[in-house]
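Worksheet for the structure shown next.
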Amino acid sequence: MVVSMTTRPKRRNEVDGIDHKFVSKQVLEKEKKADNILAYTKYGDHEYCALHSDIKDKPICSYVIDEVGLEYITLHFSHLYTIIAIYVERSLENRKLSGVSIERLHRDKKRYTLPPEYYDVIIDNNGTLGDFEENIIKIMSNKNNQKYYEINGNSEEQTADIHRMCTRYGNRRVRRK
């Protein structure tokens, strides 16, 4: 699982290296100059990115990414990596019930979005946890979903990795070509 690097301050409940890698703007600039940026986005004054070195020597990686970062990585690096975009769909009501703040819900309404056709897979997350896990396993084992099936193969470890990523976010799967 790829952990984003960010210039924003660490929040009280976050763990450095688990939630994000918290760095200075100077550290991020150094990575930019080294041409090591794989995916990039900016919210307000804070930058977020993943590095090519984060996925070096890893045949399959999962990465939580926003729509701007998704477009960036697809535009700049789809010739180097097989990129599979997975969107986790959740109703507004279920997001409220799970504790997403009203401020966050309002902010998300203003976010840049991509059309459903942009994604390789859309997973419904409006049922039980069991329903959600079942949906993930069906997608992973569906041979008709050729691009995803060939990369993933149906590994239990990858199922667990996807489950961890998808329970909170949409995610990105990347493999070197």
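Each reported figure results from applying straightforward, stated rules to the coordinates on display, with no laboratory input. Because the structure is predicted, anything quoted here is derived from the model rather than measured. Positions of Cβ are backbone-derived with ideal geometry, glycine not excepted, and every protein chain shown enters the neighbour counts.
Put simply, when 135-141, 20-26 are sorted by average Cβ atoms within 10 angstrom per residue, most first, you get 135-141, 20-26.
Classify the range 1-57 as rounded, prolate or oblate from the Cα gyration tensor: take a ≥ b ≥ c as the square roots of its eigenvalues, call it rounded if a/c is under 1.5, otherwise prolate when a/b beats b/c and oblate if not. Let's see the in-between values first.
Values: a/c = 1.98, a/b = 1.25, b/c = 1.59.
Because a/c hits 1.5 or more and a/b fails to exceed b/c, the range 1-57 counts as oblate.
Only beta bridges with both residues in the range 1-57 are counted; by DSSP, about 75 percent of them are antiparallel. On the basis of the beta-carbon distance and an R0 of 35 Å, residue 53 and residue 113 show a calculated FRET efficiency of 0.70. Whole-Hz Karplus values for the range 39-56 come out as 9, 8, 7, 9, 10, x, 8, 10, 9, 10, 7, 10, 10, 4, 5, 5, 10, 4 Hz, taken residue by residue from phi with 6.51 cos²θ - 1.76 cosθ + 1.60 and θ = phi - 60°; glycine and proline positions read x.
With 28 Å as the limit, write out which pairs from 58/138; 32/56; 10/32; 56/109; 33/56 have Cα-Cα distances beyond it, or answer none.
From the list (58/138; 32/56; 10/32; 56/109; 33/56), the Cα-Cα distance tops 28 Å for 56/109.
Quick one: length gained pulling residue 82 to residue 42 fully straight, 0.36 nm per residue minus the C-alpha distance?
Values: separation 40, 0.36 × 40 = 14.40 nm, distance 2.39 nm.
Here the answer is 12.0 nm.
If I stretch the segment between residue 35 and residue 120 completely, what's the gain in nm (0.36 nm per residue apart, minus their alpha carbon distance), one decimal? Don't skip to the answer; put the middle values down first.
Numbers: separation 85, 0.36 × 85 = 30.60 nm, distance 2.77 nm.
Going from the current span to full extension adds 27.8 nm.
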